Every structure is written in C-alpha cells, then in structure tokens.
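A.B. asks: Below you'll find the structure I mean.
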Amino acid sequence: MHEDDIVLGALRISLVRKRVKNVHLTVHPPEGRVTLVAPENTRPEVARAYAISKLAWIRQQQATLKTQARETPRQFRERESHELWGRRHLMTVQETDAKPCVKLDHKRITLMVRPGHDQAKRAEVIHDWHKALLHGLVPQLIAKWEPKLGVRVEGYFLQRMKTRWGSCNHRAGNVRLNTELVKKPKDLVEYVVVHEMLHLLEPTHNDRFVALLDRHWPQWREARKELNALPLGS
C-alpha cells in the first residue's frame, strides 16, 4: 500500500494506492478529512483529475459535516443530559464508598462513584458501561445476520473512533465498532453492523458493495443520512 497527497488549493486529499479494482472517494466525519483509494498502478495525474471532477461533491459533503450538530463535552454531573439508544436521559450522581457502577431507570441514568472521583474517572465508568450495553446487543445482531449474509464474524471489538462508526478487517474476519453507537437508535446500530459484515463479502465500497446493501438493507441511504445527522461525540 502506498500513500501520497493530492493538494487542490487549501484542500488536501490522502491518496492511498492498494490492491483494489475501483477508485473510492470518502469524506470522513467529523472533520471532513478526504481519502482517495485507487488501484496500485494509478498515476498521480489520473488520481488528481478524478479528485478535481469530484471537487463540488467533496465541498458539499464537508459543508454538511461542518453544520452537523455536535455534543457539548460531558461533565458527568447532576441533571446533565445524556443520549442512550436514541433517547435523552438525565443523570443523577451518587457518591458512595463502593465499587463504581451505573444504573438505568426509565429516563434516568444513576452514576455511582466514590467520593472525590474526578470527571476523567466518571467518564471511564460511563464508557465501560456503554461497552457492556453494546456487548449485550452486538452478538445478537451478528448471530442474526451471519446466516442471512452467509458470512462468519471471527470476532468484534469496541472502541472510541473519531472518524467512523465502524470498520472491518475482512482478512481476519473481524468487525470493529465505535462505542458512540450506544447513543444511537438500535436500528441504526444494526445498520452499521450489517454494513461492516457485508465488507466480509466485499472489502471496498464499489458497485458490488452498494448492490449488496440494496439487497440486504434497502433503506441504507436513509439510515446513513439519519446516523450522520445525529449529534457527534465531542
């Protein structure tokens, strides 16, 4: 794999050459970073010409990301608002001399921490809880879709990701998901899982991949639009 840059005025595009058949251009949330994946033998001038032909589309995508709502940094304090599965919850904080934990009751999240635990520690407790919630959902979704897609997921991983909702290592058979997904409606989480599992059949976002999405998740364009319109993590 070879990486280079295409510079078009103030716009810098990362050019990645690897073993693919088709050119694929992506504008990544949240910052609007742009990558152009092209076959290994693509000449720089050809890649540049392609990028120029897509310049208006790139600008449109970046403008959309710039106006996208973004969460204000969470302080993990009393009566602070938090999203969970697409619904807003108020936080209650209780200090207790016991192991930190989180409880969910209707529309309230109760964060129990030891006296003196700072914002960083509170964030860590909430993040661990988010991961536990996703661990309760993701295996069910994978098991549901493996027979439908005719694939096998060897493993999945959860982590904070700044620029994408998920990724797939098709060679290892692994799927990686953004822990921010716990804040989104469950049907959108399912869409991301299906999207990444389809990469086990087709690693790139080429026409075949789009056809697979059309077949297995016909409403994927609406799902993608809704997902990217929701507030991003700060």
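A.B. asks: Tell me, in nm to one decimal, what length is gained between Ala123 and Glu222 on full extension, where the rule is 0.36 nm per residue of separation less the Cα-Cα distance?
C.D. replies: On the way: separation 99, 0.36 × 99 = 35.64 nm, distance 3.16 nm.
Taking 0.36 nm per residue and subtracting the Cα distance, the gain is 32.5 nm.
A.B. asks: State, in angstrom, two size descriptors of the chain derived from its alpha carbons: Rg to one decimal place and Dmax to the nearest whole number.
C.D. replies: For the chain, the Cα-based Rg and Dmax read 20.2, 64 Å.
A.B. asks: Ok, one more. How large is the accessible surface per residue of the chain, computed with a 1.4 Å probe and reported in Å² as a whole number?
C.D. replies: Heavy-atom accessible area per residue stands at 57 Å².
A.B. asks: Hey, what number do you get for the chain at 222 nm if only DSSP H runs of n ≥ 4 count, each worth -39500 (n - 2.57), divided across all residues, to the nearest 500?
C.D. replies: Calculated mean residue ellipticity at 222 nm is -12000 deg cm²/dmol.
A.B. asks: Would you mind telling me which residue in Pro39, Pro203, Pro73 has the biggest mean-square fluctuation in a Gaussian network model of the chain, where springs connect alpha carbons within a distance under 10 angstrom?
C.D. replies: Pro73
A.B. asks: While we're on this one: Check the straight Cα-Cα distances from Lys103 and name the lysines below 21 Å, setting aside those fewer than 8 residues away within the same chain.
C.D. replies: Answer for Lys103, where 21 Å is the Cα cut-off: Lys121, Lys131, Lys183, Lys184, Lys186, listed by chain and number.
A.B. asks: For the chain, take the longest principal axis of its alpha carbons; what is the angle in degrees between that and the long axis of helix 44-53, to the nearest 10 within 0 to 90?
C.D. replies: Tilt relative to the chain: about 70 degrees.
A.B. asks: From the Cα gyration tensor of the stretch 166-234, with a ≥ b ≥ c the square roots of its eigenvalues, which class applies: rounded if a/c is under 1.5, or else prolate if a/b is larger than b/c, or else oblate?
C.D. replies: Oblate.
A.B. asks: Cα to Cα, under 21 Å, and not fewer than 8 places away if on the same chain: which lysines meet these conditions relative to Lys54?
C.D. replies: Within the straight-line limit of under 21 Å, Lys54 reaches these lysines: Lys18, Lys21, Lys66, Lys225.
A.B. asks: Roughly how tilted is helix 55-66, in degrees to the nearest 10 and between 0 and 90, from the longest Cα axis of the chain?
C.D. replies: Approximately 0 degrees, to the nearest ten.
A.B. asks: If the elastic network links every pair of Cα atoms under 10 Å, which of Lys99, Lys18, Lys66 fluctuates the most in the Gaussian network model of the chain?
C.D. replies: Residue with maximal mean-square fluctuation among Lys99, Lys18, Lys66: Lys99.
A.B. asks: Separate question: Which residues does a label at His28 reach in the stretch 199-227, if reach means a backbone N under 20 Å from a point 7 Å past the Cα toward the Cβ?
C.D. replies: Backbone N within reach: 199-200, 203-206, 224-225, 227.
The values are calculated or read from the model by the stated rules, or taken from the named source; none is laboratory data. Note that the structure is a prediction, hence the values are computed from the model and not measured. When we count neighbours, we look across all protein chains shown, and the Cβ atoms used for this are built from the backbone with ideal geometry, even at glycine. Side chains are part of the model used for accessible areas, which takes the heavy atoms of the whole protein and leaves out ligands, DNA and RNA. Shrake-Rupley method; radii C 1.70, N 1.55, O 1.52, S 1.80 Å.
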